[in-house]
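*Asks:* Please find one structure pasted underneath; my questions will follow.
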Amino acid sequence: MVEQAGGRHVAGFHQDDIARFEQALTGLRYPALKWQLIAHADRSSAGGAPTDARTIHQLWTLPTGLYSGFAQVLAGAARTARGHPSRDTFSR
């Protein structure tokens, strides 16, 4: 599957995943290390709702490293998409 994010194609990643990542990482300053992405998302409550457990798990599955921007986060998430939990079986 190929989805489009801001004119870029992200293979293996769903549009709703991209929207959740964007919401969870709103306001984050890049470059950011993987742990900073997770900490920011865990504290984030954009729109009044806390970041869902699936998004936090997807961030944990990212390769360890420094991310220069949101596009690089999406690229890392697309590479690890097969390791993500089923949408129907995850709860926090």
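*Asks:* Sort R79, R29, R43, R54 so the one with the fewest other Cβ atoms within 10 Å of its own Cβ comes first.
*Replies:* Fewest-to-most ranking of R79, R29, R43, R54: R29, R43, R79, R54.
*Asks:* In what order do W35, W60 fall by count of nearby beta-carbon atoms within 10 Å, going from fewest to most? Spell out each step's value before the answer.
*Replies:* Working: W35 11, W60 14.
By the 10 Å Cβ count, ascending, the order reads W35, W60.
*Asks:* Could you work out how far apart the two model spin labels at D42 and W60 are, taking each label as a point 7 Å from the Cα in the direction of the beta carbon, and quote it in nm?
*Replies:* In this crude label model, D42 to W60 measures out at 1.0 nm.
*Asks:* For Q15 and T80, compute 0.36 nm times the residue count separating them, minus their Cα-Cα distance, and round to one decimal in nm. Write out the running numbers ahead of the final one.
*Replies:* Numbers: separation 65, 0.36 × 65 = 23.40 nm, distance 1.55 nm.
Value of the extension gain: 21.8 nm.
Readers should treat all values here as calculations from the given coordinates under stated rules, not as data from a laboratory. On a predicted model such as this, the values are computed, not experimentally measured, just so you know. All Cβ positions, glycine included, derive from the backbone under ideal geometry; neighbour counts span all protein chains shown.
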